[in-house]
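The values are calculated or read from the model by the stated rules, or taken from the named source; none is laboratory data. Because the structure is predicted, anything quoted here is derived from the model rather than measured. Note: ideal-geometry Cβ built from the backbone for every residue, glycine included; neighbour counts use all protein chains shown.
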């Protein structure tokens, strides 16, 4: 019987492959390090720009409620509260709608309807923020005014002196509620798209096993699909939260930008990003500009913390399984 000898790759080919691997590894390493460098440089610039404010107020800057350009007294608490309230309230509205749309597209809708609906939901993410802001001014704002008028200007409220404090001082439609609603609309496609993709990854055998046991459609979704996809869905929620925390232009156009702690759904307030956008170019002195940069630093830190905690939660959910 004729013996076969293993083929030996030419030495020059092996050397070329080794050089190619080394070049590819170097490029990937350089790109990865570039991300780290950008992160460090951004953090350095924010800290350097914040030094006058940090030296003036220290840690108390986080809890100060005064923002007065005339007296040069600044504090970040109203904007921290405004950012957290608008972001999490928007998620409370957007997440159920996003998950419901994902379940409908993947489990209920026929193919001829599922594809257009999925495309339209994803299209929401491509609309510029300024378009959302204009739409909110022309559509949402009048609706919020009508809602506030219907709620607060009932005779039994207006004619009762003990309840007059409930009526907003200026029901102009620019305030917390309008900002929450436009944020909710803006973040829906992020959670919906991720949820739809991870639901489609659920093995068909898992669905069929539940049906074989006599489960209904709802029981299959509740017991087989959503537990399997929960880590991915939570990742989409965090993606939406990141978008809500940093959204600037649309929120700036409709929130009223009043540097006070929010006192009601229909009252104006401000977020960390909106106060930076509305005042940075008109900052009258170095301390005000430094305070705005420190607010940007706080927003940066909050975003990093939220994403890190989200990674820990996702890892725990994934390791914990679906039980």
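Data table
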quantity	calculated
Residue list for region 67-102, restricted to those being over 14 Å from the mean Cα position of the chain (by Cα), in a helix (DSSP H, G or I) and surrounded by fewer than 19 Cβ atoms within 10 Å (Cβ to Cβ)	77, 81, 96, 97, 100
Residue 52 vs. criteria in contact (Cβ under 8 Å) with a residue 24 or more places away in the chain and either touching a strand residue (DSSP E or B) at 6+ places or on another chain (Cβ under 8 Å) or under 12 Å from residue 298 (Cβ atoms) (or both)	no
Residue 199 vs. criteria touching a residue at least 60 places away in the same chain (Cβ under 8 Å), surrounded by fewer than 21 Cβ atoms within 10 Å (Cβ to Cβ) and within 24 Å of the chain's Cα centre (by Cα)	no
Flag for residue 238 being surrounded by fewer than 22 Cβ atoms within 10 Å (Cβ to Cβ), closer than 30 Å to residue 80 by Cα and at pLDDT 85 or above	yes
Output for region 202-229, where each listed residue is within 18 Å of residue 111 (Cβ to Cβ) and surrounded by fewer than 15 Cβ atoms within 10 Å (Cβ to Cβ)	204, 217
Verdict on residue 194 being touching a strand residue (DSSP E or B) at 6+ places or on another chain (Cβ under 6 Å), within 26 Å of residue 306 (Cβ to Cβ) and either touching a residue at least 24 places away in the same chain (Cβ under 8 Å) or assigned to a helix (DSSP H, G or I) (or both)	no
Pick from region 118-129, criterion surrounded by 12 or more Cβ atoms within 10 Å (Cβ to Cβ) and modelled with pLDDT of 85 or more, ranking: farthest from residue 250 (Cα to Cα)	127
Helices (runs of 4 or more DSSP H) within region 208-286 that include 1 or more residues over 17 Å from residue 185 (Cβ atoms)	217-220, 226-246, 272-279
Flag if residue 246 is in contact (Cβ under 8 Å) with a residue 12 or more places away in the chain, closer than 28 Å to residue 181 by Cβ and surrounded by fewer than 18 Cβ atoms within 10 Å (Cβ to Cβ)	yes
Filter result for residue 294 (at pLDDT 80 or above, over 21 Å from residue 92 (Cα atoms) and not in a helix (DSSP H, G or I))	no
Condition broken by residue 142, with the remaining ones in (1) more than 22 Å from residue 240 (Cβ to Cβ); (2) modelled with pLDDT of 85 or more; (3) surrounded by 20 or more Cβ atoms within 10 Å (Cβ to Cβ) satisfied	(3)
Failed condition for residue 109, given (1) in contact with a helix residue (DSSP H, G or I) (Cβ under 8 Å, 6 or more places away or on another chain); (2) modelled with pLDDT under 85; (3) farther than 30 Å from residue 219 by Cα	(3)
Condition broken by residue 258, with the remaining ones in (1) within 26 Å of residue 150 (Cβ to Cβ); (2) under 20 Å from the mean Cα position of the chain (by Cα) satisfied	(2)
